[in-house]
Structure formats: structure tokens, C-alpha cells
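Please treat every number below as a calculation from the coordinates, not as lab data. Keep in mind the model is a prediction, meaning the values are calculated, not measured. Here the Cβ is made from the backbone with ideal geometry for all residues, glycine too, and neighbour counts use every protein chain on show.
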Amino acid sequence: MAAKLRKGDKVIVLAGKDKGKTGEISSVDPKAGKAVVDGVNIAVRHVKQSQTTQGGRTPKAMPIQLSNLAFVDKNGKATRVGFKIEGDKKVRVAKTTGDVI
């Protein structure tokens, strides 16, 4: 199945503690159905000091369920993603505006 949300897409969070926040997808795990969004679902991780890195508490973006994310269209609104065949290519389309993503 083709991916509706991909790396680099601007998305908005629909549910959870970060509801309403927007960010860009930095990585997607389609097998687990999760994505890491910059600035969303931040957790503090404790890192042990080594010779090369400074230890301490570092904020890290954790994966969030794909069903809790929606693509942001050009108007800044949440939209669903559909597919359309243009010529011989399958392209993603924003459902609200009909624009090719």
C-alpha cells in the first residue's frame, strides 16, 4: 500500500498531549505505523557521559501513531490524503483542495 504520509510532510497532531501542534515528519516506520515529528511528543532521555559526548538529560522526539496525524494543506488546515492517477503516475492529492501534494 502506498504511503499517505512521508518524510518531509508538514502534519498536525489530531489526538494526544500535543493535540493541535504542527511539525515536519523526520522519519516514518510503516511496519509499526508510527512517525517521528520534529517538536512533537518530546521525552527526556538520560544519556551517560562518554569521551566523545557530554552526558545529561536530552530532549528527544518520540514516535507518534500515524492515525493521530493529518497532512496540512496549503491553507494550513488538516486534510486527508487520497490518490489519483495522472498520466502513468500515481500521485497524492489533498482531499480538501484537490491539489497534488
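Here are a few things to note about the model shown:
- Residue within the range 86-99 that is loosely packed, with under 15 Cβ neighbours inside 10 Å, touching a strand residue (DSSP E or B) at 6+ places or on another chain (Cβ under 9 Å), charged (D, E, K, R) and not in a strand (DSSP E or B) present: yes
- GLY76 out of contact with any Pro (no Cβ under 6 Å at 6 or more places or on another chain) and on the phi > 0 side of the Ramachandran plot: yes
- Residues satisfying the stated conditions in the range 38-65, i.e. polar (S, T, N, Q) and surrounded by fewer than 12 Cβ atoms within 10 Å (Cβ to Cβ): GLN49, SER50, GLN51, THR52, THR53, GLN54
- Every pair of residues 6+ apart whose Cβ atoms lie under 6 Å, when the first sits in the range 18-43 and is assigned to a loop (DSSP other than H, G, I, E, B) while the second is among the β-branched types (Val, Ile, Thr): ASP18/VAL40; LYS19/VAL13; LYS21/VAL13; LYS21/VAL40; VAL40/VAL13; ASN41/ILE64
- Of all residues making up the range 57-85, the number that are more than 13 Å from the chain's Cα centre (by Cα), within 21 Å of VAL36 (Cβ to Cβ) and of a type in the set (Gly, Ala, Ser): 0
- Selection count, the range 1-17, where residues are more than 23 Å from VAL91 (Cα to Cα) and outside any strand (DSSP E or B): 4
- Checking VAL11 against (1) surrounded by 11 or more Cβ atoms within 10 Å (Cβ to Cβ); (2) more than 8 Å from the chain's Cα centre (by Cα), the condition it does not meet: (2)
- Qualifying positions in the range 27-37 - exposed (fewer than 11 other Cβ atoms within 10 Å of the Cβ) and not charged (D, E, K, R): ALA32
- Residue pairs meeting the criteria (Cβ under 9 Å; at least 6 apart or on separate chains; first more than 21 Å from ILE12 (Cβ to Cβ), in the range 69-97; second in a loop (DSSP other than H, G, I, E, B)): LYS84/GLY98; LYS90/ALA2; VAL91/ILE101
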